[in-house]
Amino acid sequence: MEKNKITFWAIVSILFLFGIASVNADTIPLEKGYIRFEELKKRLPGLQYKLDMVILVGEIRFKKSTEFKFRVDSAYFIHRNNIESLTKPILYMGRDLYLPREMVEAIFIYLIDSEVSYKFTEDKLTLNLYQRVIVQPEEIGLRHLIIDAGHGGKDPGATAVNGEYEKNYTLKIARMIKRYIKKKFPNLKIKFTRKKDIYVPLEDRAKIANKKLQSSKDTIFISLHCNSTPTPEKSPHGYEVYYLAQSGPIETTRESSILSNQLIDIRRDPKVQYIQSGMLSSVIQRRSILLAKAIDSTLKQSLDSKIASRGVKKNNYQVLRGSMMPAVLIELGFISHPQDVKMLEEKTVQLKLAEGIAEGIKNYVMAKN
Ligand SMILES: [Zn+2]
């Protein structure tokens, strides 16, 4: 019965798990079916116990969690006034506690603040600790998000110091953003310009995005790239958020694209159309700047210097030029710099990137409205 209950909760807690941010995988040896408390504490530093050496009654807790009350040599423990039974008694030997398997499972389920997946075999416990990411769904006043994972297929982009390609980082992080945003803003529809390792020409990327405007003008575009320098020994590091640099010719191109994409009422007088397309173009520009600033500021917070901010910048990127909606390009880090590469490889950092971008989009939407 107790066992069924624990299995049920293990499944429930895995469902809550965002399921991506693996912090570490580890094994702990079992000694005659027992786990040494010190071994567990090494992996879960907030875990502690108190033991009254006279009556051999003690408590186990994690940080400020509720506690398990136990007695040495007893096969029961108490949690929140419930008595839970164990198949073997808790032992105290050589100044350490020895916990039976079910008690370790109960610690994972009831006490610790991270998510865990684990497996017991005859002689060891394999442990994967995850950062707990419970995403609270929210409504957002935006219809479509286009995510453009830079490069792909025959175009690998830059090569990182560890030999990995830019195209793989951009796709991995695009997927992470999608997974996160689907949970965070369930009403926001996400479209990729590429879902896998394929080559998509730059002009097609903007076209894919612009097509979405037919169903809703409430659409933004985020392109993901990684920076690099040809001289890795002098490589800078950090991320940058770009919007399109304005100039007369670029403006004119965008205005005529607005007309050809029929984003304004083409039944109107051509002069009116011209004025409207100019107005729309400047709205797109202002909103792109707003979006870039919003994302930079929330990324700064969520990344907490793991990848440093190099600020908001402007550039004449083709993919930005072509898109008829608020659009930014994020250089996620310098893959010519070992520290940035290390960070981009880490699932927890990828998640921070997703969180920061999602928060930035939310702040942008609030500011724009
Ligand atoms: Zn690139």
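Taking the stretch 283-366 as the region of interest, the number of lysine pairs whose Cα atoms are within less than 24 Å, with members eight or more places apart or on different chains, is 23.
The lysines within cross-link reach of K154, meaning a Cα-to-Cα straight distance under 19 Å and a gap of 8 or more places when in the same chain, are K167, K172, K195, K196.
Multiplying the sequence separation of S282 and K217 by 0.36 nm and subtracting their Cα-Cα distance, what value in nm do you get? Mind dumping the intermediate values first?
Numbers: separation 65, 0.36 × 65 = 23.40 nm, distance 1.49 nm.
Length gained between S282 and K217: 21.9 nm.
The calculated FRET efficiency for the pair N162 and K41, based on their C-beta separation and a Förster distance of 41 Å, comes to about 0.80. The orientation-averaged shadow of the Cα convex hull for the chain, equal to a quarter of the hull surface, comes to 23.3 nm².
Cβ-Cβ distance of R80 and M366, R₀ of 51 Å, FRET efficiency by 1/(1 + (r/R0)^6): the value works out to about 0.80.
Take the Cβ-Cβ distance between Q301 and Q48 as r, set R0 to 30 Å, and report the resulting FRET efficiency rounded to the nearest 0.05. Mind dumping the intermediate values first?
Details: r = 31 Å, r/R0 = 1.03.
The value I calculate is 0.45.
Taking a sphere under 10 Å around the Cβ of Y274 and counting the other residues whose Cβ falls inside, with K and R at +1 and D and E at -1, yields a net charge of 0. Taking Cα atoms only, the orientation of helix 248-260 departs from the longest principal axis of the chain by about 90 degrees.
Under the 0.36 nm per residue contour assumption, what length would be gained going from the current alpha-carbon distance of I198 and S260 to full extension?
Working: separation 62, 0.36 × 62 = 22.32 nm, distance 2.82 nm.
Extending this stretch completely gives an extra 19.5 nm.
Comparing I55, I307, I258 in a Gaussian network model of the chain, where Cα atoms under 10 Å apart are tied by springs, the biggest mean-square fluctuation is seen for I55. With Cα atoms as the point set, the radius of gyration and Dmax of the stretch 221-369 evaluate to 17.5, 59 Å.
In terms of overall dimensions, the C-alpha atoms belonging to the stretch 148-223 reach 40, 29, 15 Å along their principal axes, ordered largest to smallest.
Simple rule: put +1 on each Lys or Arg Cβ and -1 on each Asp or Glu Cβ in the chain, find the dipole, and look at S256, V54, F68; the Cα lying farthest toward the positive end is S256. Each peptide in 36-49, 236-249 was scored by the mean count of other Cβ atoms within 10 Å over its residues; highest first, the order is 236-249, 36-49. Each of the peptides 102-108, 57-63, 121-127 was scored by the mean count of other Cβ atoms within 10 Å over its residues; in descending order, highest first, they stand as 102-108, 57-63, 121-127.
Can you give the relative contact order of the chain as a percent, counting alpha carbon pairs under 8 Å and 6+ residues apart? With pairs under 8 Å counted, the relative contact order is 18 percent.
Would you work out the relative contact order for the stretch 76-176, in percent, from Cα pairs under 8 angstrom that are 6 or more residues apart? Spell out each step's value before the answer.
Numbers: 85 pairs, mean separation 12.0, N = 101.
Value for the stretch 76-176: 12 percent.
Dipole magnitude for the chain: computed about the Cα centre from +1 point charges on Lys and Arg Cβ and -1 point charges on Asp and Glu Cβ, it is near 1040 debye. In sequence order, the stretch 51-68 has phi-based couplings of 9, 7, 6, 7, 9, 6, 10, x, 9, 10, 9, 10, 6, 9, 5, 5, 10, 9 Hz under the Karplus curve 6.51 cos²θ - 1.76 cosθ + 1.60, θ = phi - 60°, and Gly or Pro positions carry x. Charges on Cβ only, +1 for Lys and Arg, -1 for Asp and Glu, centred on the Cα centroid of the chain; of Q350, S215, L202, which one is farthest towards the dipole's positive end? Comparing the listed Cα positions along the dipole, S215 ranks first.
Ranking S288, L99, I134 by Cα position along the charge dipole of the chain, where only Lys, Arg, Asp and Glu carry charges on their C-beta atoms, puts S288 farthest toward the positive end.
Values quoted throughout were computed directly from the atomic coordinates according to the rules given, and no laboratory measurement underlies them. Keep in mind the model is a prediction, meaning the values are calculated, not measured. Cβ: placed from backbone, ideal geometry, glycine included. Neighbour counts: every protein chain shown.
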